[in-house]
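The structure appears right after this line, and notes come after that.
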Amino acid sequence: MNGTANQTVSVVIPVLNAEAYLDRLLAALFSQKPAAPAEIVLVDSNSQDRTREIAAKFPAVRVVPAGKFTHGGARNLGAREAKGDIVVLMTQDALPQDETWLAKLLAPLADPKVAATYSRQTPYPDANPMERYFLFTHFPPGDAVRREQREGDLGLGNVFFSNVAAAIRRDLLLKFPFDEKIIMSEDQQLSRDLIKAGYTVVYQPESVVIHSHNYSLPICFRRYFDSIYSLTQIFPKHDMGESASMGFRYLFREVWHMARHYPAWLPYYLCYTACKSAGTLMGHFAGRMPRAWAKKMSLHRYYWDA
């Protein structure tokens, strides 16, 4: 496959009650051309629906019990269980847009300096305007983007990566595993570590998956609380000033976009932005507040029991 024809591919997907997605996702994966992945490993966090039953219909699908879930831990387990030379990570709610998604994702790995690549994400039809703008801004169309070591400290802006749909050389993923102790943003941590070690990470916009979320206001707050807390763990210099600088630049463009194209959404958008901002602010204090408070604000409440 575009320079990776002699390498085998394992797809690793953490799953939990994935019945609504799995039939369509597995069919799309096995329909990839010119070749489908050699195997698919589902790392299952004790699903209570038909996840295992659906998986059993596909001979090349294996289900591995996840045990105690963490974002990094489930993916590390999948990488250890995988047999392929390349591990393709996906989330259960992402869907390849076409039959060439995998080949295009793997193409940058023909360069031995490239350790990992990730796909463009486009929204599902029901995605709200805020999610659509977020995806267009963070996963734009255009040329491939190479992220490499440069002078100065590495921050989110120069290591950005997403394991919603990504391909990583398995030997490097085993050498530079996900940090199982951080609450989320493990994909940013992996990219940071690979780039610090001298490898290249590539954004490949020609490889496209459909993926989006319509977060409620409480979930929006909790997600940003966890996200900012994780970023302060991964990037020690990511302080409140850095969040404010990034946030205001993004907000200025987003407000203009919403006012111009979705004026009827503005009242809800203001509430949504307030929840994002409050979650961001509180996330900077997560490590210093009583654990019981942090647990109530967090989307991943299991983390605070560790």
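Show me the trypsin sites (Lys or Arg not before Pro) within region 143-233 that DSSP assigns to loop and that have at most 15 other Cβ atoms within 10 Å of their Cβ.
Qualifying residues, ordered by number: R150, K181.
Could you work out the local net charge near E254, counting Lys and Arg as +1, Asp and Glu as -1, over the other residues with Cβ closer than 12 Å to its Cβ?
Residues near E254 contribute +4 overall.
On full extension of the chain, what length is gained from A144 through V164, given 0.36 nm per residue of separation minus the C-alpha to C-alpha distance?
Contour length minus Cα-Cα distance gives 5.5 nm.
Within 10 Å of each residue's Cβ, count the other Cβ atoms and sort H211, H257, H71, H138 from fewest upward.
So the residues, fewest neighbours to most, are H138, H257, H71, H211.
At a temperature of 25 °C and a viscosity of 0.890 mPa s, determine how fast region 9-210 diffuses translationally according to Stokes-Einstein, using the Kirkwood radius over alpha-carbon pairs as Rh; express D in µm²/s, rounded to the nearest whole number.
For the chosen part, D equals 144 µm²/s.
May I ask you to derive the FRET efficiency for A306 and L281 from their Cβ-Cβ distance with R0 = 35 Å, giving the value to the nearest 0.05?
So the FRET efficiency works out to roughly 0.90.
Hey, which of these cross-link pairs are over 26 Å Cα-Cα: K57/K113; K237/K295; K68/K296; K83/K104; K181/K295?
The pairs that break the limit, which is 26 Å between Cα atoms, are K57/K113.
Starting from the Cα-Cα distance between L217 and L270, subtract it from 0.36 nm times their residue separation and give me the gain in nm to one decimal.
18.0 nm
Between E53 and F30, what is the FRET efficiency for a Förster distance of 25 Å, r being their Cβ-Cβ separation, to the nearest 0.05?
Working from the Cβ atoms, E equals 0.90.
For the chain, what is the charge dipole size about the Cα centre, in debye to the nearest 20, if Lys and Arg each add +1 at the Cβ and Asp and Glu each add -1 at the Cβ?
500 debye
Calculate, in nm to one decimal, what K296 and M240 gain on full extension: separation in residues at 0.36 nm each, minus their alpha carbon distance.
Between K296 and M240, full extension yields 18.0 nm more.
Place a label point 7 angstrom from the Cα of T8 along the Cα-to-Cβ direction, then list the residues of region 93-108 whose backbone nitrogen is under 20 Å away.
Correct set: 102-103, 106-107.
With θ taken as phi - 60° and the coefficients 6.51, -1.76 and 1.60, list the Karplus ³J(HN,Hα) couplings across region 35-45 in order, rounded to whole Hz; mark glycine and proline as x.
8, 7, x, 5, 7, 10, 10, 9, 8, 9, 8
For region 217-305, what is the largest minus smallest coordinate of the Cα atoms on each principal axis, given in angstrom and ordered from greatest to least?
So the three principal-axis extents are 44, 26, 15 Å.
Could you list Y303, Y224, Y262 so that the one with the fewest beta carbons within 10 Å of its beta carbon is first and the one with the most is last?
Neighbour counts put them in this order, fewest first: Y262, Y303, Y224.
Hey, quick one: spin label on A110, modelled 7 Å out along Cα-Cβ, who in region 128-145 has an amide N within reach, i.e. under 17 Å?
Only 143-145 fall inside the zone, counting backbone N under 17 Å.
Values quoted throughout were computed directly from the atomic coordinates according to the rules given, and no laboratory measurement underlies them. Predicted, not measured: the structure shown is a model, and the values here were computed from it. Every residue, glycine as well, gets a Cβ built from its backbone with ideal geometry; the counts of neighbours run over all protein chains shown.
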